[in-house]
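All remarks here apply to the structure that follows.
The values are calculated or read from the model by the stated rules, or taken from the named source; none is laboratory data. Bear in mind the structure is a predicted one, so any value in this text is a computation, not a measurement. Neighbour counts are summed over all protein chains in view; Cβ atoms, including those assigned to glycine, are modelled from backbone coordinates with ideal geometry.
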């Protein structure tokens, strides 16, 4: 028995916005890497610390902010990518699930609430 069997008459939905977003994910990852690097590099070229702050402290603060920005962007990109992958999978063909025999498949079981309403 195969693990995944497609339903005989299942239809696929046409691709939409999720495919366009997935195609832009690699460029978003590159941007999330290079924009903070550019920010850090510019801080090294033109250090302008606040009054009373040393250049080293200023550069370390800019470095921490650049790393935090990159990690936050990666987290957002990963979240969007997971959402797009889920939508792509949901738009795909339907698959047969494991069979689960129901004890009351022919006639629903009566509940005490229905018995009181019927009398």
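So here's what we get for this one:
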| item | result |
| --- | --- |
| Candidate set: region 26-39, residues that are within 12 Å of residue 63 (Cβ to Cβ) and at pLDDT 95 or above; chosen: the one farthest from the chain's Cα centre (by Cα) | 37 |
| From the options 82, 77, residue that is within 23 Å of the chain's Cα centre (by Cα) and either surrounded by 12 or more Cβ atoms within 10 Å (Cβ to Cβ) or at pLDDT below 90 (or both) | 77 |
| Test result for residue 68, surrounded by 12 or more Cβ atoms within 10 Å (Cβ to Cβ) and in a helix (DSSP H, G or I) | no |
